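The values are calculated or read from the model by the stated rules, or taken from the named source; none is laboratory data. Computed from a prediction, not measured in an experiment: that's the story for all the values here. Cβ placement follows ideal geometry from the backbone for every residue including glycine, while neighbour counts extend to all protein chains displayed. The protein model used for the area step is the full one, side chains on, heavy atoms only, and it has no ligands, DNA or RNA in it. Shrake-Rupley method; radii C 1.70, N 1.55, O 1.52, S 1.80 Å.
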Amino acid sequence: MKDFRVVLFKDVLGFNTVWFPNSNKTYELYKAEQIAKNCKRCPLYKTRNKFVFGWGNPYSGIMAVGEAPGPEEDELGKPFVGRAGEFLDYALREAGIDRERDLYITNVLKCFPLKIINGFQNNNIENSSRQIIRRNKPFREPNPQEIKACSTWLEMQINIIKPRFILAMGNPSLRYFLGPGVNISFIAGQPRKIRNGSITVFPVQHPSFIIRNRTPENDRRYIEL
């Protein structure tokens, strides 16, 4: 695809040579997504409906990183649009944060980790069966092989956005940044510096955990974090 800026400068303004600084994060993320959405690095590509790359403001300096898309995200191609996303939106609003304006949100995995049942292999499940599984089977955590395979795309996002602050939601996200020995239950709300101190990771429970254990007190604690 021809860069629209080249069309503007060359065809409209008449310049033959144009230099662009690499500062358009939105455009760089768009280009990265076009490459990433054809990913076949792990078997999840066989059962995904849509590749869920990320959404939000890449200039805010803040990334929120969850575990993986759920069934609703798999259908719409946008992160955190299901029940967990609704609760996250509520918690952010209560904390005075605008999701679209104040952060860029993504997941460690970009494909829905479909739970396989009855011994079927990923590529042998009919479309109708996949839809039934998506509607009725619980979300499963990403496995280490899937996370390793998908890390290329998360690192690409981090390199483009250059966040100062990462909200790590849930154990898979937290362990990606801090290592396999950590547990969100013990360090939620305790910031950690990574990448030579250039990024602060702030651990919080995944919104789906709060939904499963929802009380007014848990809501309040989550918002106050």
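Remarks
- Mean Cβ count within 10 Å, highest first, over the residues of peptides 147-158, 187-198, 48-59, 25-36: 48-59, 147-158, 25-36, 187-198
- With a cut-off of 14 Å on the backbone N, the residues of the stretch 143-158 near the modelled label site 7 Å out from LYS25 along Cα-Cβ are 156-158.
- Structure note, pairs LYS25/LYS193; LYS31/LYS193; LYS31/LYS148; LYS46/LYS162; LYS115/LYS193: Cα-Cα distances above 26 angstrom occur for LYS31/LYS193; LYS46/LYS162; LYS115/LYS193.
- DSSP beta bridge pairing in the stretch 142-225, given as percent antiparallel to the nearest 5: 40
- Solvent-accessible area of LEU44 with every protein chain in place, 1.4 Å probe, in Å² to the nearest 10: 10
- Modelled spin-label separation between ARG214 and LYS78, with each label point placed 7 Å from Cα along the Cα-to-Cβ direction: 2.0 nm.
- Gap separating the Cα centres of the stretch 185-225 and the stretch 150-171, nearest whole Å: 16
- Between ILE187 and LYS115, full extension at 0.36 nm per residue minus the direct alpha carbon distance yields a gain of 23.0 nm.
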